[in-house]
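Questions regarding the structure given below will be posed in turn.
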Amino acid sequence: MTSKVSRGEAARRDARREVREGLREVGVQLAQLNRRVSGRLGLRDADMDCLDLIGRLGPIGAGPLAKAAGLHPATLTGVLDRLERAGWIVRERDAEDRRVVRIRALPERGKEVLAQFAGMNGAVQEICSRYDEQQLSVIADFLARVAEAGRVSTLALDEAER
């Protein structure tokens, strides 16, 4: 009985290691893809990250965007200036509070980004088609938890620097 438990524990440990290694490889591959796409579009990595966040969360204020991107506000200003000059975003005054500026991605330029990711998006669709709804729900939950762990770990590193 003990050896059966030990084999089970060993298998679980190996599976956890495979998940960690898989996440590391996914991170490397996505970083490479993002760098290639950024280069093709004439964007820096931070520009691409902010453009993605603006597209998903926007219209958004500079403060919340800086926090979401993990950038110092002065750094974000440079990123936004580049994105605005290149026609990726617009800064607009809030209709209810003219002191507030909201940043919005321009949808017509967003199509350029989507075109660059078409291969990856198609591959992900194909991969997802192999799983049922319940399995996809578990995968989505796992990914959300990993992303949150990343946010928490980043905040902890920031706090340790202070």
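Of everything in region 7-47, what is without any contact (Cβ under 8 Å) to a residue 60 or more places away in the chain, in contact with a helix residue (DSSP H, G or I) (Cβ under 8 Å, 6 or more places away or on another chain), part of a helix (DSSP H, G or I) and not basic (Lys, Arg)? Give them in sequence order.
ASN34, SER38, ASP45, ALA46, ASP47
Continuing with this model, one more query. If LEU80 passes every condition in (1) farther than 26 Å from VAL146 by Cα; (2) in contact (Cβ under 8 Å) with a residue 60 or more places away in the chain but one, which one does it miss?
Of everything listed in (1) farther than 26 Å from VAL146 by Cα; (2) in contact (Cβ under 8 Å) with a residue 60 or more places away in the chain, LEU80 misses just condition (2).
Now for a different question. Contact list please: Cβ distance under 9 Å, first residue in region 124-151 and at pLDDT below 95, second residue surrounded by 11 or more Cβ atoms within 10 Å (Cβ to Cβ), pairs at least six apart or on different chains.
Partner pairs satisfying both residue conditions: ARG151/GLY70.
I've got another one for you. Given the structure, is GLU159 acidic (Asp, Glu), at pLDDT below 95 and outside any loop (DSSP other than H, G, I, E, B)? Please lay out each step first, then the result.
Working: acidic (Asp, Glu): yes; at pLDDT below 95: yes; outside any loop (DSSP other than H, G, I, E, B): yes.
Yes, satisfied.
Within region 89-107, is even one residue within 16 Å of SER38 (Cβ to Cβ) and out of contact with any helix residue (DSSP H, G or I) (no Cβ under 7 Å at 6 or more places or on another chain)? Walk me through how you get there before you give the answer.
Of region 89-107, the ones within 16 Å of SER38 (Cβ to Cβ) are 89, 105.
Narrowing further to those that are out of contact with any helix residue (DSSP H, G or I) (no Cβ under 7 Å at 6 or more places or on another chain): none.
So far as region 89-107 goes, no, none of its residues is within 16 Å of SER38 (Cβ to Cβ) and out of contact with any helix residue (DSSP H, G or I) (no Cβ under 7 Å at 6 or more places or on another chain).
Can I ask one more? Kindly evaluate LEU71 against the criterion of being in contact (Cβ under 8 Å) with a residue 24 or more places away in the chain, among the aliphatic types (A, V, I, L, M) and in contact with a Cys (Cβ under 7 Å, 6 or more places away or on another chain). Step through it out loud before you land on a result.
Details: in contact (Cβ under 8 Å) with a residue 24 or more places away in the chain: yes; among the aliphatic types (A, V, I, L, M): yes; in contact with a Cys (Cβ under 7 Å, 6 or more places away or on another chain): no.
Against the criterion (in contact (Cβ under 8 Å) with a residue 24 or more places away in the chain, among the aliphatic types (A, V, I, L, M) and in contact with a Cys (Cβ under 7 Å, 6 or more places away or on another chain)), LEU71 does not qualify.
For region 95-121, which positions are under 18 Å from the mean Cα position of the chain (by Cα) and of a type in the set (Gly, Ala, Ser)?
The answer is ALA105, GLY110, ALA115, ALA118, GLY119.
The values are calculated or read from the model by the stated rules, or taken from the named source; none is laboratory data. Bear in mind the structure is a predicted one, so any value in this text is a computation, not a measurement. Glycine also receives a Cβ, built like all others from the backbone with ideal geometry; neighbour counts cover every protein chain displayed.
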